[in-house]
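FYI, it's all coordinate maths here, none of it is from the lab. For clarity, every value in this text was computed on a predicted model and none was experimentally measured. So basically every Cβ, Gly included, is an ideal-geometry build from the backbone, and we count neighbours across all protein chains shown.
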Amino acid sequence: MNAVLVVNSGSSSIKYQVIDERSGDRLAQGLVERIGERGAGRVVYRSAAGEAVTEQDIPDHSAGFAAIVEEFRAAGTPIDSLGIVAVGHRVVHGGSDFIAPTMIDDAVAQRILDLAELAPLHNPGHYAAIVAARAVFPDLPHVAVFDTAFHQTMPESAYTYALDRGLAAEHGIRRYGFHGISHQVVSRRAATHLDRPLESLRQIVLHLGNGASVCAIDGGRSVDTSMGLTPLEGLVMGTRSGNIDAGAILHLLRRGVSIDDVDRELNKRAGFLGMTGSNDFRDVRAAAAAGDEAATLAIDVYVHRARHYLGAYLAVLGGADTVVFTAGLGENGPDLRALICAGFEWCGLRLDQAKNEAPGSGARVISADDSEITVLVVPADEEAEIAQQSIALVASS
Ligand code: AMP
């Protein structure tokens, strides 16, 4: 049996899954959180054998991995008994350097740390976890799978901001795009589900989770996406504003709001949270149903923005063969899906109301039989994709 340890780390957390390469089954999964908060660390371990939750001091990511290894031992299935052949690390920002999954050596790890300049919230935590994991599992190959890599096929016209060329080059300012692992696997699964060659399809994927982005995919290649230099651009999200006039930021700065506060306002206190008081669409939906005007407006703004991108990417692709919804709201929001797709009949997009509203968990078609654009819901399983990409790289090198 071959398994992959998939690691998704943040500055104060490590989430992991051990995935059987062939079946995709989770052999175990868990997380370590509140790393670096004195006396507040929490370690969760889950497997078929049961669940264990412990509280302990986790000063850094090395201690986090030591705690993970200890949980496996305590559960009676030491981690080295699981047939793990690779460690796959999810890395949010690969800049322009990384266009594919990459075997991690010292130089690659250092470059991931250097890219913290572009992703200060994410890459330092990835680096800390990579260093710690390589120390705990020195004999295993470690692979970095990047959220940005899939979008490196975007044409210059799509990724260039209209700034002074020298300034943009000096500071690395361009659009990179994120959620690439999700957009890639979801578009591939949609093609498989329809039994059509990926290369023949123009697809628009809406990844609507707490973070959200849209991607225009031509023949399996990303040609445009809504996130930019950072994951702040584009759609309205759980706590992020998405698109906003850069002049609004200058206005806030000139009025004395600090850079850190502007950062917090746009990334952590905006979106559904800022407009309604909750970042969770279930709360927003319930409030709107109860007549809350702010919640109703928030949904209108969300839908309006998503429809902008749907229309824009129909233009970018010259039409579409599929529109695919994925992630928390995309998979569980038939009401949102209907609002976003309404009025696109002019381009041959017609939802089937019953199919859209029918509960389901796997990949499924929700458009009418006579719809020229096939609309699907496809669950995102980014961890399984990271496992597959990691093992493919290890097998080929
Ligand atoms: P994700 O980032 O993909 O895990 O998505 C998380 C978000 O999906 C939550 O914050 C909710 O807003 C939304 N979500 C999850 N489950 C549901 C549901 N059953 N109905 C509506 N929205 C949901």
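Quick check on my filter: what residues within the range 255-276 are within 16 Å of the ligand (Cβ to nearest atom) and under 20 Å from the mean Cα position of the chain (by Cα)?
Result: Asn267, Lys268, Arg269, Ala270, Gly271, Phe272, Leu273.
Out of the residues in the range 1-55 that are assigned to a strand (DSSP E or B) and polar (S, T, N, Q), state the one that is farthest from Ala387 (Cα to Cα).
Thr54
Name the residues in the range 335-378 that are crowded, with 18+ Cβ neighbours inside 10 Å, among the hydrophobic types (A, V, I, L, M, F, W, C) and in a helix (DSSP H, G or I), would you?
Answer for the range 335-378, where residues must be crowded, with 18+ Cβ neighbours inside 10 Å, among the hydrophobic types (A, V, I, L, M, F, W, C) and in a helix (DSSP H, G or I): Leu336, Ile340, Cys341.
Got a number for residues in the range 277-309 being within 11 Å of the ligand (Cβ to nearest atom) and part of a helix (DSSP H, G or I)?
Matching residues across the range 277-309 total 7.
Can you work out which of the residues in the range 201-210 that are buried (at least 23 other Cβ atoms within 10 Å of the Cβ) and under 17 Å from the mean Cα position of the chain (by Cα) is farthest from the ligand (Cβ to nearest atom)?
Taking the candidates together, the pick is Ile204.
Of all residues in the range 335-348, which are hydrophobic (A, V, I, L, M, F, W, C) and either closer than 18 Å to Arg305 by Cβ or near the ligand (Cβ under 8 Å from one of its atoms) (or both)? Break it down stepwise before answering.
Residues of the range 335-348 that are hydrophobic (A, V, I, L, M, F, W, C), as a first pass: 336, 338-342, 344, 346-347.
Leu336, Ala338, Leu339, Ile340, Cys341, Ala342, Phe344 - these are the residues of the range 335-348 that are hydrophobic (A, V, I, L, M, F, W, C) and either closer than 18 Å to Arg305 by Cβ or near the ligand (Cβ under 8 Å from one of its atoms) (or both).
Take the conditions assigned to a helix (DSSP H, G or I), touching a strand residue (DSSP E or B) at 6+ places or on another chain (Cβ under 8 Å), buried (at least 16 other Cβ atoms within 10 Å of the Cβ) and not charged (D, E, K, R) and apply them to Phe72. Does it pass? I'd like the intermediate steps shown before the answer.
Values: assigned to a helix (DSSP H, G or I): yes; touching a strand residue (DSSP E or B) at 6+ places or on another chain (Cβ under 8 Å): yes; buried (at least 16 other Cβ atoms within 10 Å of the Cβ): yes; not charged (D, E, K, R): yes.
Yes, satisfied.
Any residue at all in the range 232-252 that is free of Cβ contacts under 8 Å to residues at least 24 places away in the same chain, part of a helix (DSSP H, G or I), within 16 Å of the ligand (Cβ to nearest atom) and over 18 Å from Ala212 (Cα atoms)?
no
Among the residues of the range 107-122, is any over 22 Å from Thr230 (Cα atoms), within 24 Å of the chain's Cα centre (by Cα) and crowded, with 21+ Cβ neighbours inside 10 Å?
Taking the range 107-122 as the starting set, the residues that turn out to be over 22 Å from Thr230 (Cα atoms) are 107.
Of the ones still in play, those that are also within 24 Å of the chain's Cα centre (by Cα) are none.
No: zero hits.
Counting only residues that are among the aliphatic types (A, V, I, L, M) and closer than 14 Å to Gly95 by Cβ, which one in the range 155-176 is surrounded by the fewest Cβ atoms within 10 Å (Cβ to Cβ)?
The extreme case among them is Ala169.
Of the residues that make up the range 317-332, is at least one touching a residue at least 60 places away in the same chain (Cβ under 8 Å), in contact with a Phe, Trp or Tyr (Cβ under 8 Å, 6 or more places away or on another chain) and surrounded by fewer than 19 Cβ atoms within 10 Å (Cβ to Cβ)?
Taking every residue of the range 317-332 in turn, at least one turns out to be touching a residue at least 60 places away in the same chain (Cβ under 8 Å), in contact with a Phe, Trp or Tyr (Cβ under 8 Å, 6 or more places away or on another chain) and surrounded by fewer than 19 Cβ atoms within 10 Å (Cβ to Cβ).
Which of (1) within 21 Å of Ile84 (Cβ to Cβ); (2) surrounded by fewer than 17 Cβ atoms within 10 Å (Cβ to Cβ) is the odd one out, the single condition Ala133 does not satisfy?
(2)
Select from the range 247-291 the residues that are closer than 20 Å to Ala306 by Cα and among the small types (Gly, Ala, Ser) and list them in ascending order.
Of everything in the range 247-291, those that are closer than 20 Å to Ala306 by Cα and among the small types (Gly, Ala, Ser) turn out to be Ala270, Gly271, Gly274, Ser278, Ala288.
For the range 310-334, enumerate the residues that are in a helix (DSSP H, G or I) and within 15 Å of the ligand (Cβ to nearest atom). Spell out the reasoning first.
From the range 310-334, those in a helix (DSSP H, G or I) are 310-317, 327-332, 334; that's our starting set.
Result: Ala327, Gly328, Leu329, Gly330, Glu331, Asn332, Pro334.
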